[in-house]
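The values are calculated or read from the model by the stated rules, or taken from the named source; none is laboratory data. Fair warning: this is a prediction, and the values are worked out from it, not measured in the lab. All Cβ positions, even for glycine, are placed from backbone atoms using ideal geometry, and neighbour counts span all protein chains on display. Heavy atoms of the whole protein, side chains included, go into the accessibility calculation; ligands, DNA and RNA do not. Shrake-Rupley method; radii C 1.70, N 1.55, O 1.52, S 1.80 Å.
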Amino acid sequence: DQQVKQNSPSLSVQEGRISILNCDYTNSMFDYFLWYKKYPAEGPTFLISISSIKDKNEDGRFTVFLNKSAKHLSLHIVPSQPGDSAVYFCAASWQGGKLIFGQGTELSVKP
Amino acid sequence: DTAVSQTPKYLVTQMGNDKSIKCEQNLGHDTMYWYKQDSKKFLKIMFSYNNKELIINETVPNRFSPKSPDKAHLNLHINSLELGDSAVYFCASSQVHEETQYFGPGTRLLVL
């Protein structure tokens, strides 16, 4: 029973363009959502998060959008850079408990 | 300065052996976790400790036993290793009641 899903295993984007990574969830109890970035042979690195009381959070080139009615969140990276090439995981939690991760989307930003 | 560190980074061993993975965090966090990333790349929580007390124990075989000697350390001991235990194991930590978790670099375990 996969409560957090990232349906696109990979995404390829040209440098300078927008990258949009998507994530869907099924459990309406989730109240906090996070995006992690992972390079090969390294641990996931926290990128940006959003509480369920918000619908948008922005940090530099990274913006996360939350649509609670659709149980959907997305991460926008503008402009995309080659160094953004990595696997991106979305994760969800409720009441400060365990994180439930999606299966990741591999982003490739081509120069 | 490594915030969350794990040793060893790589571990190759035979079926039936017993092995341990160590984790240390210097962030002053109260809560520590073990995650397993399987061959399909799913990251799944195994255990969580808060101030040396076990608070999350997912459906993990009894062969896996976490031990927290103090709140900065959470070790994972695995008995009678099986082929299916081959995976990457990540340690993480967070401040109590805060959702953001910080991960170690992972330990790549290969059971032959």
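Mean sequence separation of contacting Cα pairs (under 8 Å, at least six apart), scaled by the length of chain B, corresponds to a relative contact order of 37 percent. The Cα atoms of segment B:10-112 give a gyration tensor whose axes a ≥ b ≥ c have a/c of 1.5 or more with a/b greater than b/c, which makes the shape prolate. Using a Gaussian network model of chain B in which every pair of alpha carbons under 10 angstrom is joined by a spring, one finds that among B:S39, B:S93, B:S68 the greatest mean-square fluctuation is at B:S39. Once you place label points 7 Å from the Cα toward the Cβ at A:T26 and B:F42, how far apart are they in nm? Here the modelled spin labels are 1.1 nm apart. Considering only B:E82, B:E98, B:E58, the Gaussian network model of chain B with Cα springs below 10 Å gives its largest mean-square fluctuation to B:E98.
When we measure straight from the Cα of A:K54, which lysines land under 20 angstrom away, once same-chain ones fewer than 8 places off are left out? Partners within reach: A:K68, A:K71.
Loop-located GluC sites (Glu not before Pro) across segment A:1-94 with a Cβ neighbour count of 16 or fewer within 10 Å are A:E15, A:E42, with loop assigned by DSSP. The string of couplings for segment A:21-26 from the Karplus curve (6.51, -1.76, 1.60, θ = phi - 60°) is 10, 10, 8, 10, 9, 10 Hz, one whole number per residue in order, with x for Gly and Pro.
For segment B:63-99 and segment A:17-75, compute the distance between their C-alpha centroids and round to whole Å. Between the Cα centre of segment B:63-99 and that of segment A:17-75, the gap is 26 Å.
Derived value for chain A: Kirkwood hydrodynamic radius 13.9 Å. Basis is the mean of 1/r over every pair of different alpha-carbon atoms. Pairs exceeding a 23 Å alpha-carbon distance, out of A:K5/B:K71; A:K98/B:K71; B:K22/B:K44; A:K110/B:K9: A:K5/B:K71; A:K110/B:K9.
Amide H contacts for B:I55 (H built 1.01 Å from N in the peptide plane; partners 5 or more residues away or on another chain; cut-off under 5 Å): B:S48, B:Y49, B:N50.
All alpha carbon pair distances within the protein assembly as shown were sorted into 10 Å bins beginning at 0; the resulting P(r) in whole percents reads 8, 33, 35, 20, 5, 0.
Choose one answer from A:K54, A:K38, A:K68: the residue with the largest mean-square fluctuation in a GNM of chain A with alpha-carbon springs under 10 Å. Looking only at A:K54, A:K38, A:K68, the largest GNM fluctuation is found for A:K54. Normalised per residue, the accessible area of chain A is 48 Å², obtained with a 1.4 Å probe and no contribution from ligands, DNA or RNA.
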